[in-house]
């Protein structure tokens, strides 16, 4: 299916600014900037505009219409029960980006994150925004809202760089290699362990791609299933037993595992999702209130419910199967690290970090190309 060039260009620009705003909108400015309180509302507005524009195609296929209706029903129901705008934003963008080929999406995600990162660093050096060390001496945000947000942005750029490296010219490969080395140094400095682990493992996926690319389909499925099941296992009460596997993991991942148990025990999984109010913490972790669920798999289940999760992962499986059919194996270098990242960080649930949710076009555009010139 082909889309009007103007539709493609406008939606490309809107996607770029959504990602840019998602980074700049949460930067820690030294003086109050009131309108930044509504940055996510602007992102949803842009998503809605993209959605409307994407519907201006000469013909919508039956399977495309069913796809849109299915996502619409589930997203609206989930939004009503969870009161979380993210499900609407995801729905709107999953539908909107079907007009953009995957190589184009990856280039937009790459440049949007790189430009917003450079812009944030510039504001940081000018003293307009400040570093967030998250109360430690080993973590740094360099102006972004949190060290883990810096880690997420760096991870996304690294994954895009690896994909572009695979399909790039010799000169492009050299430039991307230098860029990735710098990004890894920044990632280490950020102290974001989840992003660093995922980024390091992406190199092993890259090696497998060059050696046995066809095996990546099975590896991708196994990784996804493993981390979904292990996420459920991680909600067990053994996290409080000294020396247990979950207790050790809890120490490595700074109390994230016991948060899994806390939210599953207190909220459970509802069919249609539920409203959960997250806060800075919980008494059994720190001396101040803290209660936040970082695991992306569990956040889908507990916050957004069983119905949304089934649709979310069905969508994932359809994309993975289509990648295998079209032999676009280089995309697994992006997808597999994000599946790993989902065990540690909630960014997995959002299209702003999890770019796999922006691969919809592979289901509808027949002339996808596994390169970067689309």
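The values are calculated or read from the model by the stated rules, or taken from the named source; none is laboratory data. All figures in this text were calculated on a predicted structure; none of them were measured in a lab. Cβ: placed from backbone, ideal geometry, glycine included. Neighbour counts: every protein chain shown.
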- Message: Residues that are over 19 Å from residue 347 (Cβ atoms), modelled with pLDDT of 90 or more and surrounded by fewer than 16 Cβ atoms within 10 Å (Cβ to Cβ): does segment 83-104 have at least one?
- Response: yes
- Task: Could you please tell me which pairs satisfy a Cβ distance under 9 Å, a separation of 6+ or placement on different chains, a first residue in segment 322-338 that is outside any helix (DSSP H, G or I), and a second residue that is crowded, with 24+ Cβ neighbours inside 10 Å and at pLDDT 95 or above?
- Result: 328/102
- Query: (1) touching a helix residue (DSSP H, G or I) at 6+ places or on another chain (Cβ under 9 Å); (2) surrounded by fewer than 16 Cβ atoms within 10 Å (Cβ to Cβ); (3) modelled with pLDDT under 95: which one isn't true of residue 120, the others all being true?
  - Reply: (2)
- Total residues in segment 204-218, condition loosely packed, with under 15 Cβ neighbours inside 10 Å and either part of a helix (DSSP H, G or I) or at positive phi (or both): 7
- Checked against (1) closer than 18 Å to residue 334 by Cβ; (2) within 20 Å of the chain's Cα centre (by Cα); (3) touching a residue at least 40 places away in the same chain (Cβ under 8 Å), residue 180 satisfies every condition except (3)
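A quick yes/no check of all residues on (1) in a helix (DSSP H, G or I); (2) surrounded by 21 or more Cβ atoms within 10 Å (Cβ to Cβ); (3) at pLDDT below 95; (4) over 22 Å from the mean Cα position of the chain (by Cα):
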site: 221; (1), (2), (3), (4): yes, no, no, no
site: 225; (1), (2), (3), (4): yes, no, no, no
site: 242; (1), (2), (3), (4): no, no, yes, yes
site: 265; (1), (2), (3), (4): yes, no, yes, yes
site: 286; (1), (2), (3), (4): no, no, yes, yes
site: 301; (1), (2), (3), (4): yes, yes, no, no
site: 307; (1), (2), (3), (4): yes, no, no, no
site: 310; (1), (2), (3), (4): yes, no, no, no
site: 317; (1), (2), (3), (4): yes, no, no, no
- Query: Based on what the data block shows, is residue 157 without any contact (Cβ under 8 Å) to a residue 60 or more places away in the chain, loosely packed, with under 15 Cβ neighbours inside 10 Å and either under 18 Å from the mean Cα position of the chain (by Cα) or over 23 Å from residue 347 (Cα atoms) (or both)?
  - Reply: no
